[in-house]
Every structure is written in C-alpha cells, then in structure tokens.
Amino acid sequence: MKSSRKWWLAAGFALAVPVVLAMVLVLGTARGIPAGEVEFPTTGAGTGPGELARLERTLDAQRPWGVFIIVDTVANRLQVRRGEDVIREAVCSTGTGSVLEDPATGKRWIFETPRGVRTVIGKRKDPVWVRPDWSFIEEGSDLPRNFKDRVDRETLGDWALDLGDGYMIHGTLFQRYLGRNVTHGCIRLGDEDLAFVAAATPVGASVLLF
C-alpha cells in the first residue's frame, strides 16, 4: 500500500471495518454525493487482501475532487490536498470545547470546532469581525450599545475562509498558541500558512474536520 494513502485508509481498518464504512459516508458527502446515495462496501465473510483491495477501490471512487482541506482537531494540524498530494501542512488551533454561560440570562455557548464535512462558501481579504455577545461576556464587559464598538478589524488576520454558521479558517494575533485547542470554534493559522491556504483553496472546496 502506498504511504500516501495511509491517511485515507484509516490505521488498522482491516480490523475495524465500521470505521471504513463511516469514512465512505463522510468522503462521499464531501464529494457532493448525498449521504443516502453513498455506496457502502459490504464486507462479506472476511477481510482478506482481496476484500481490502475492493474497499480501497470503493474509497478511491468517492474521493473529494480537486483541492480540499483536512483538519485534525485533536492534533491541531491542517492539510491542503490536491488529490493524494499534500501541498501544504500547517499547525493550527481549534476549539477548546469549553462552555460559557451568561450569568444574566443563562444563555450558554460551547466553543467546539464542528466535526464532519463543510464547504468553503466564501473568502474575504482583510476580514472584519463583528464581535458577538459572548466575546464581551467572556471578558466581563458590558454589551456595547453602538454597533461600531463591535467592529474588530485586526483579530481575524489577513484572510478568512467562511465555512458557514460563523465558523472560519482565519489568522490570529496570538501565533504562539498555534498547536493548541484555544479557539472558540474557528480554525486559526499563522500568517504564511493562511496566505497559502487562501490562495490555493477555491470557494466550493470541501473541508473535512475530525
């Protein structure tokens, strides 16, 4: 088996066929195939070399097209791939998983990076962040009365790739924290890596997060 395929076939999938089946669902969806139409390989009576080769062919047929991104939220690593080729690997930061509760209203926020498959729905140069309520509550500040007091032109860095629902791949003012789970759910990158990712990744590209 080629070493470049190790990420695709999930370590030890010969002993964990259900994991492979889940990958087929995720990767098929990433390619734009509705989940209900993804072809699930059947395992038959065994998982010998022939069966594993058939599973691999099924996975190969349902790879994402073109350039796509993979984010490992445990190791805090991001890859940009073109087919089987890794064209950039970067240290990133992802969500803490912590919970914030507004003492006045009881409203709660969970700062997790979502898992699954998302799509780059837009790219913004010099993005502006409109600070939500939780960013003021977290620092113990009163909510601003004027909209302009929510506008932040620095925190997101030079680029933001929108993934929907407020999640983004963006820059950071705190690059010393890259590699740690310190964000409120977004994926942070250093300046050089962010510039590469923004240039290489088209709108419509798949982002696989696990």
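The values are calculated or read from the model by the stated rules, or taken from the named source; none is laboratory data. Since this is a predicted model, take the numbers as computed values, not measurements. Virtual Cβ from ideal backbone geometry, glycine too; neighbours counted across all protein chains shown.
Worth a mention:
- Where strands (runs of 3 or more DSSP E) sit wholly within segment 106-174, those with at least 1 residues that are crowded, with 19+ Cβ neighbours inside 10 Å, of a type in the set (A, V, I, L, M, F, W, C) and at pLDDT 95 or above occupy 159-164, 167-170.
- Pairs meeting the criteria (first residue in segment 86-113 and within 22 Å of G157 (Cβ to Cβ), second residue part of a loop (DSSP other than H, G, I, E, B) and among the hydrophobic types (A, V, I, L, M, F, W, C), beta carbons under 6 Å, at least 6 apart or on different chains) are V91/L178; S93/L178; G95/F111; T96/F111.
- From A199, A205, residue being surrounded by 14 or more Cβ atoms within 10 Å (Cβ to Cβ) and either of a type in the set (G, A, S) or in contact with a Cys (Cβ under 6 Å, 6 or more places away or on another chain) (or both): A205
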